[in-house]
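K.L.:
Here it is: the structure, laid out below.
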Amino acid sequence: MPRPSDNETVQLRRQLNAYIKQAQENEQKLNRLQNYELKLISTSSLQELFQVLLCDYKSTAQLTQVTLELFDSDYEIRRLLTELGLDARDYPGLRFLDDEQELPADFQSDEEIWLGTFNQDLHGRFLSEPNNIDGSVAFLPLIRNQVRLGALIFVSDDKARYTELTGTDFLVRLASFVSVCLENAINNEKVKRLGLIDPLTGVYNRRYFERRLEEEIRRTARADTPLACLFLDIDHFKQINDNFGHGIGDSILQGVAATIREQLRASDVLARIGGEEFVALLVQTEHQRALEIAERVRFSVAEKIFNGAGGENITATISIGCSSLRQFADTDDAAQVAHALLDEADQALYSAKRAGRNRVLS
């Protein structure tokens, strides 16, 4: 067998070195992916997951933009974020879609990873800030149990990074892993939410309210926005239980809670803190506006007719005390402010009781 020429030997060595270099790069990619997967596994909340997906990976992978678009037609995820005191605006790469029709046409029906040149008209929406990038984009559908959860989009200023010739094995694995972690994080938040709900009325319990109150106080201080608190108590509730029984009393509690909630916004917080007492936190609400909302709640409850066991009509009224954070804006201690805000509303409630009940005072 003839020996290879010097030129052939050089060429073979170059090919061998190229293979070795490619193998080393693949090993490095695999190690990075495994480390990233470990980070994803360790997340136990949506907040942690968003941090790892949208911030950590962007830095680690040296990407121009990482965007997470989630299908949320019934606002369930957004409602969870609100209940957790999180603001989607704190995560510039986070988007919510009502359905797949809001995706660019090329991505609506394709369940495969899409790689290609970045086009400002088609892909500019994935950027947090306007930027005419001369690069490439990777679109990773997130699918779990044949349900499309959303998509993860990577934007790079390197035109050669994501092309039709780029291998997708790592991206397919990453998309699958992210889908599982996203589903788990959402389910974990739902489970935690169950422990923060009053089982009788379906509104929040004291534990959730106390945690959320301090969070909103800190947020209000940062944004310099108003915050109001309502303390609500059903008048003569013991007489209702004595006259009609605790079963009817429970039904009235449920009806009053539902009526109060109907008059509040989705961003407001309503909790049952004991017996027939409720408290509501009205975000970004001036004191006078809070009094108007409280009066609307009082009127709505007074107008509602409840049914007794024998078909009789039963009415109930509530007394409401109102306080505003503006009165305590000179302190940085969130716990102290929370105590003062609740105490002021509580005192106003008792004034309303002493003044004859079925009224609003501050």
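K.L.:
Any idea what the dipole of region 43-194 comes to, in debye rounded to 20, about its Cα centre with Lys/Arg Cβ at +1 and Asp/Glu Cβ at -1?
P.N.:
480 debye
K.L.:
OK, next. Please list the three semi-axes, largest first and in whole Å, of the ellipsoid equivalent to region 43-194, using sqrt of 5 times the eigenvalues of its alpha carbon gyration tensor.
P.N.:
25, 16, 15
K.L.:
A further question on this structure: In what sequence do 183, 216 fall when counting other Cβ within 10 Å, fewest first?
P.N.:
Ordered from fewest to most neighbouring Cβ atoms within 10 Å, 183, 216 come out as 183, 216.
K.L.:
A further question follows. Net charge within 11 Å of residue 118 by Cβ-Cβ distance, Lys/Arg positive one each and Asp/Glu negative one each, not counting residue 118 itself?
P.N.:
-2
K.L.:
Beyond a 25 Å Cα-Cα separation, which of these cross-linked pairs lie in this structure: 39/190; 58/159; 39/159; 190/304; 190/238; 58/192?
P.N.:
Over 25 Å Cα-Cα: 39/159; 190/304; 190/238; 58/192.
K.L.:
Based solely on C-alpha atoms, express the radius of gyration and the Dmax of the chain in angstrom.
P.N.:
28.5, 112
K.L.:
Return the Rg/Rh value of region 126-220, two decimal places, where both radii are evaluated on C-alpha atoms and Rh is the Kirkwood radius.
P.N.:
We get a ratio of 1.18 for region 126-220.
K.L.:
Sticking with this one: What is the order of 19, 208, fewest Cβ neighbours within 10 Å to most?
P.N.:
Starting with the residue having the fewest Cβ neighbours, the order is 19, 208.
Bear in mind that the values in this text are calculations on the coordinates, not laboratory data. Note that the structure is a prediction, hence the values are computed from the model and not measured. Note that we place each Cβ from the backbone using ideal geometry, even for glycine, and neighbour counts take in every protein chain shown.
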